[in-house]
Amino acid sequence: MHSSALYHYLVSVGSPSEPGDDVRFFAACISHKAALRTGSLGSALGLDPAGLRQLLSRFFPEFMAGLDGRACLRTGLHARAQQNFLCECAGGAKIPEAHRPDEWQDLYSLLMASAAAPSGEVAPLMAAVLAQACLGQNHLWQDLGLPGREDLTAALARHFPALCTRNRDNMKWKKFFYRELCSLAEVRVCQAPSCQECTDHHLCFGPEEGDAWNSLAALRSARP
């Protein structure tokens, strides 16, 4: 599996000066998006070219060392992980196209409003990746490429503790983020008097399982 090989490579070259949990978080997100053949890697992660290189240089400096600045980062990553891969960008590093930019900005701002002070330059990078993944069609942990929901919750607790704490009832993270946005905009979407009385309760609070991503659970056993 390409994404698993990429993940193992990135973890092996992760910066020893960065927390291991953050190295593994970004390694999973990057490897998941790098397995795709279309679109730029930065766009898939919600980062512009400068932001993507900042992320890679900070957490995976060994990968970035000696890399051609004009080369396709996705192709370069596969090559370092000894994986055959032909990216459809034909070697060109493309500028990411805007994808629901207003919605992305709202999600990014929501996250950054509760960023932990010690997170420094990491919180904006993580917020960008999280906001982009929120635009996907699956559970948030799936669209990030993480092994499970608990990995996502742990990352939010580290870097966005105030927002994480507000999810007292353990609502699904995407549902919770959008409920927070509706609350800020003073828009009431759900007509039920309370979550407990809502007929769609299971959609917001049910288990976040995904058979298609079960193979990613093996990544946990590879953690150093």
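Some notes on this structure:
- Checklist (1) within 19 Å of LEU181 (Cβ to Cβ); (2) within 12 Å of the chain's Cα centre (by Cα) applied to ASN167, failing item: (2)
- Among residues of region 54-84 being of a type in the set (D, E, K, R) and touching a residue at least 12 places away in the same chain (Cβ under 8 Å), the one that is nearest to GLU121 (Cα to Cα) is ARG58.
- Meets criteria (among the hydrophobic types (A, V, I, L, M, F, W, C) and surrounded by 22 or more Cβ atoms within 10 Å (Cβ to Cβ)) for ALA155: yes
- Among the residues here, LEU163 does not qualify as at pLDDT 85 or above, in contact with a helix residue (DSSP H, G or I) (Cβ under 7 Å, 6 or more places away or on another chain), outside the structural domain of ASP22 (by TED's automatic domain parsing) and closer than 25 Å to LEU56 by Cβ.
Table: residues versus (1) modelled with pLDDT of 95 or more; (2) touching a strand residue (DSSP E or B) at 6+ places or on another chain (Cβ under 8 Å); (3) under 17 Å from SER31 (Cβ atoms); (4) part of a loop (DSSP other than H, G, I, E, B).
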site: PHE85; (1), (2), (3), (4): no, no, yes, yes
site: CYS89; (1), (2), (3), (4): no, no, no, yes
site: ALA93; (1), (2), (3), (4): no, no, no, yes
site: PRO96; (1), (2), (3), (4): no, no, no, yes
site: SER109; (1), (2), (3), (4): yes, no, no, no
site: PRO124; (1), (2), (3), (4): yes, no, no, no
site: GLY136; (1), (2), (3), (4): no, no, yes, yes
site: ALA154; (1), (2), (3), (4): yes, no, no, no
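- Flag for SER31 being of a type in the set (Ser, Thr, Tyr), touching a residue at least 60 places away in the same chain (Cβ under 8 Å) and not assigned by TED's automatic domain parsing to the domain that holds ALA133: yes
- For LEU36, the test of being farther than 20 Å from ALA123 by Cβ, in a loop (DSSP other than H, G, I, E, B), outside the structural domain of LEU146 (by TED's automatic domain parsing) and within 15 Å of the chain's Cα centre (by Cα) is passed.
The values are calculated or read from the model by the stated rules, or taken from the named source; none is laboratory data. Since the structure is predicted, the reported quantities are computational estimates derived from the model, not experimental observations. A quick note on method: Cβ atoms are made from the backbone with ideal geometry, for glycine too, and the neighbour counts reach across all protein chains shown.
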